[in-house]
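This report concerns only the one structure given below.
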Amino acid sequence: MRSFVHTIAGVLAGGALLGLLAVPDAPAPAHVDEARATERADEGRALFMHSWTRADPRSVAGNGLGPYFNATSCVGCHSRGGAGGGGSRDHNVNIVGGFVAHRQSWPGVGVPLGAPAGFGGLGIGGLTTATLRFVRGRAPLVRGARNAPALFGAGLIDAIPDETIIAEAQARDPRWPDIRGRVGRDATGAVARFGWKGDVARLSTFVAQAAANELGLTNPGQAETVPASAERSPDLDLDQADLDALVAFVARLPRPVEEPPSALVERGAQVFEAVGCTACHRPRLGAVRGLYSDLLLHDLGAQLVDGAGGYYGAPLKDEQAPLWRTPPLWGLRDSAPYLHDGRATTVDDAVRAHAGEAEPVRGLYEALPPVEREALLSFLDTLQAP
Ligand code: HEC
Ligand code: HEC
């Protein structure tokens, strides 16, 4: 349980203070705790919405936005169905490879200078390549793209215990012996819950990386991605209290909802089960109902492979190339476009792109009588943003 001291220290000065305070753990009344948590999440909301500028006065001691950045606010990319939602294809993060050099103009787009091939780069829409010059005359090479997912219910996903995810990987659906979910791991081996590649363990880590990589905000969790030659300030843009607030806001985003089922929708949910979608898109994981994911990695075939690696192009082993984390389908109606790079405009397109382990299931889906397929899609259409 969170103590009063912990909450105050977290808000005022970050975790560093905690070690100095030898105060007995006297829990505050629940309503006080709740009021403080709400206040902190409100501060986080303001940070999530804040449109950052260079030399932003909101920066604790650093340079504000950038120097390398992909947008000026979190909500700039996470907005569909409300603040915290997914992003359109225009807000995809493009991952580029090759050796990148600097042009003078940076209309809001950054790529790390001199980055070795395969480094995760960035950029929104078409802007990136316009501002890149590749040394040694190589053409810009976009290795892949990542679509911004919705963050609704992220706190519930963060709270799913490791054991639940590991147990899920051991349980097999006897109807589909070839479907084999693997536990995603981060670089330290911790069980991952987040990222299209299932390579980030905790929400707080993702938020710290997003602040640094998307907005160029140095924070206690991660420094902004910038080569020494372009560094303007190594100091913090966000302190621990800011980061905690941002995490609290994202963690408290309400979970997606389901429309009450009609007869057609109930039929659709049965078809979803019957053709085998639930072998990966589990209706319930641990205590979390309505997730429609096992949070495990699956091989969905060569047609979805790209050369981009993990979050921001973090290098992955070759055998990880065809593996993607089953995305939760909650909120689906409001999170188009679909798949890791947003290539699918409709849910039907997304399903038809499944192969690999999902090949037989896709086959059954395609063979459904049109009314049954419509029922299935109607069911998925009831899953919406809060
Ligand atoms: C330029 C667009 C962009 C901006 C700005 C942005 N994000 Fe994201 N966000 C993405 C993309 C793309 C992904 C998917 C990355 C991946 O999985 O490889 C993502 C993923 C996430 C995830 C993981 C969700 C999941 O279920 O895996 C979190 C959490 C997140 N962002 C939080 C934030 C926060 C907080 C901010 C502001 C500090 C922010 N993002 C700013 C594009 C953006
Ligand atoms: C073998 C596991 C597996 C099975 C079976 C499976 N899926 Fe998926 N599904 C995935 C994975 C993994 C992805 C992400 C692929 C990517 O982004 O490249 C995905 C993505 C999706 C998406 C896009 C979600 C988004 O947020 O972008 C939809 C919609 C979807 N699946 C629906 C279905 C339906 C309907 C069925 C049954 C006909 C089904 N899936 C069967 C693993 C599976």
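The values are calculated or read from the model by the stated rules, or taken from the named source; none is laboratory data. The shown structure was predicted, so the numbers you read here are calculated from the model rather than taken from an experiment. Glycine gets a Cβ as well: all are built from the backbone with ideal geometry, and neighbour counts include every protein chain shown.
Going through the range 237-269 one residue at a time, which ones are β-branched (Val, Ile, Thr) and buried (at least 20 other Cβ atoms within 10 Å of the Cβ)?
Pass one, the range 237-269, residues β-branched (Val, Ile, Thr): 247, 250, 257, 265.
Once the filter is applied, which keeps residues that are β-branched (Val, Ile, Thr) and buried (at least 20 other Cβ atoms within 10 Å of the Cβ), the range 237-269 yields Val247, Val250.
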When residues of the range 270-284 are limited to those that are assigned to a helix (DSSP H, G or I) and crowded, with 17+ Cβ neighbours inside 10 Å, the one farthest from the chain's Cα centre (by Cα): Val271
Can you name the residue in the range 337-386 that is within 16 Å of ligand 1 (Cβ to nearest atom) and on the phi > 0 side of the Ramachandran plot and is also surrounded by the most Cβ atoms within 10 Å (Cβ to Cβ) among such residues? Gly342
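May I ask you to list the residues in the range 305-336 that are within 18 Å of Phe152 (Cβ to Cβ) and away from ligand 1 (no atom under 12 Å from the Cβ)? Walk me through how you get there before you give the answer.
Step one: filter the range 305-336 for residues within 18 Å of Phe152 (Cβ to Cβ), giving 325-336.
Listed by number, the residues that qualify are Leu329, Leu332, Arg333, Asp334, Ala336.
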Kindly indicate whether any position in the range 64-84 is of a type in the set (Phe, Trp, Tyr), in a loop (DSSP other than H, G, I, E, B), more than 16 Å from ligand 2 (Cβ to nearest atom) and closer than 19 Å to Ala145 by Cα. yes
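Okay, residues lined up against (1) farther than 28 Å from Met49 by Cβ; (2) over 17 Å from the mean Cα position of the chain (by Cα); (3) outside any loop (DSSP other than H, G, I, E, B); (4) of a type outside the set (Phe, Trp, Tyr):
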residue	(1), (2), (3), (4)
Ala210	no, no, yes, yes
Asp235	no, yes, no, yes
Ala241	no, yes, yes, yes
Val250	no, no, yes, yes
Pro261	yes, yes, no, yes
Leu295	yes, no, no, yes
Within the range 285-319, restricting attention to residues that are free of Cβ contacts under 8 Å to residues at least 24 places away in the same chain and acidic (Asp, Glu), which residue is surrounded by the fewest Cβ atoms within 10 Å (Cβ to Cβ)? Asp318
Filtered residues of the range 310-339 (kept if modelled with pLDDT under 95, touching a strand residue (DSSP E or B) at 6+ places or on another chain (Cβ under 7 Å) and in a loop (DSSP other than H, G, I, E, B)): Pro322
